[in-house]
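A short write-up of the structure that comes next.
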Amino acid sequence: QLDPTVRDALYALSVFTAKPNSFSEDAALAVSAAPIAILDILVDTGLLESSSPGRYTLHQTIVDYARTKNRDQLVERRLVTYVVCYLQQQGKNYESLDLESTNILVALDLAYKAQMFAELVEISCAFASFLYTRALYTQAEKQLTRAYEIATKLEDRRNIVITLYHLGELTRKRGNYVKAEFFLKEGLELARQYDYTEEVSSLLSSLAIAVELQGHYAQAEAYYLDGLMLARQLNLHEQTSRLLADLGILTGQQGHYSEAEIYLKEALELERQIGFRERTSAIFTALGWVTTEQAKYAQAE
């Protein structure tokens, strides 16, 4: 009973998994290459459901049916391309990524099947920190290992370095500090060799934490200071704030509380300037600790 254009749009949307997964209106338009009026028709017929403002979902039976039909072979490529652009814009917005995580994983599998290897590596690198921050370690390891292998085959130097950074971060979060140090040192050597200064700063920051957790405080401080110098030179405010916070904690652990307070306050001021909230609570907690140690009890509270 539907116009062929509407049917084609429905078949295209079956690239998304069924509810409880949902997808955005922008994603639906990109994948179907249809005007919004077509989506309205599908909603009116009950084939496409509105799950929340600006988001849609499909019933499992409808997805199963639509997938028995021939759909445009470009649909999968459109989804992969959409996800690449989406992550470029929203890669740090974890609340948004929570909604789209299933669709991003679908795009990764489709990219592999379609041999869109450059896009697969880019998505994997952009999505990795979300996965291990949410403690989805097995999924993160799967995606990063595959991305590293593909980046190596493509001789994609920058993404080889970036995947090594993320593998180091992932391994550290899983508690294997020695293996994390291995990944990060390998990435650091390549980043310096290819003069990827921004990546050098990130790797130094992560490497400092890995060696600090092994009790090598002098080496950790040297890594922090080197990374901080580069971050300041490049005006990497988010990275500078992170390094200042970590350096402040390390300095405080060595009993230099007033110096630690200076680092932490600068980190907090930068966080406020750039609106980066990820570490704010941890910085306040550390400031409470170092001011307590200096007997500034009212300020600590």
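The values are calculated or read from the model by the stated rules, or taken from the named source; none is laboratory data. Quick caveat, the model's predicted, so the values are computed rather than measured. In this analysis, Cβ positions are derived from the backbone assuming ideal geometry, glycine residues included, and neighbour counts consider all displayed protein chains. In case anyone asks, the SASA skips ligands and DNA or RNA and just uses the protein heavy atoms, side chains included. Shrake-Rupley method; radii C 1.70, N 1.55, O 1.52, S 1.80 Å.
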Charges at C-beta only: +1 for Lys and Arg, -1 for Asp and Glu. How large is the resulting dipole of the range 225-301 about its Cα centre, in Debye rounded to 20? 140
Based on the mean of other beta carbon atoms within 10 Å per residue, what is the order of 269-278, 109-118, 240-249, most packed first? 240-249, 109-118, 269-278
What is the extension gain from residue 262 to residue 114, computed as 0.36 nm multiplied by their sequence separation minus the C-alpha to C-alpha distance, in nm to one decimal? 48.1 nm
Residue 64 to residue 213: FRET efficiency via 1/(1 + (r/R0)^6), r the Cβ-Cβ distance, R0 45 Å, to the nearest 0.05? 0.40
P(r) histogram, all alpha-carbon pairs of the range 1-160 included - 10 Å bins from 0, percent: 11, 39, 33, 15, 3, 0
With springs connecting C-alpha atoms under 10 Å apart, model the chain as a Gaussian network and identify which of 285, 145, 171 has the largest mean-square fluctuation. 285
Could you work out the per residue convex hull volume over the alpha carbons of the range 166-233, in cubic angstrom? 66
Ratio of the range 95-181's C-alpha Rg to 2.2 N^0.38 Å, to two decimals? 1.04
Accessible-area ranking of 44, 72, largest first, probe 1.4 Å: 44, 72
Stick to Cα atoms and the Kirkwood definition of Rh, then tell me Rg/Rh for the range 250-301. 0.98
Mind grabbing the accessible area of residue 258 for me, 1.4 Å probe, Å², rounded to tens? 70
Would you mind giving the three semi-axes, in whole Å and largest first, of the ellipsoid equivalent to the range 7-68 according to its Cα gyration tensor? 15, 13, 11
Got a sec? What order do 85, 125 fall in by accessible area at 1.4 Å, biggest, i.e. largest, first? 85, 125
Eligible aspartates and glutamates near residue 296 by straight Cα distance, threshold 16 Å, same-chain separation 8 or greater: 259, 261
Would you mind telling me the share, in percent, of accessible area of the range 98-225 contributed by carbon and sulfur at probe 1.4 angstrom? 49
Go from 0 up to the bin containing the longest alpha carbon distance in the range 37-106, width 5 Å each, and give me the % of pairs per bin. 3, 13, 17, 23, 24, 14, 5, 0
Once you wrap a convex hull around the alpha carbon atoms of the range 93-251, what is its projected area averaged over all directions, in nm²? 9.2
List, in the order given, every pair from 153/173; 69/142; 19/92; 19/113 whose Cα-Cα distance in the structure shown is over 29 Å. 69/142
What relative contact order, as a whole-number percentage, does the chain give when Cα pairs under 8 Å and 6 or more residues apart are counted? 9
Between residue 5 and residue 33, 0.36 nm times their residue separation minus their Cα-Cα distance comes to what? 9.1 nm
Using only alpha carbon positions, build the gyration tensor of the range 201-301, then give the equivalent ellipsoid semi-axes as the square roots of 5 times its eigenvalues, largest first, whole angstrom. 21, 17, 10
State to the nearest 20 debye the size of the charge dipole of the chain about its Cα centre, where the only charges are +1 on K and R beta carbons and -1 on D and E beta carbons. 580
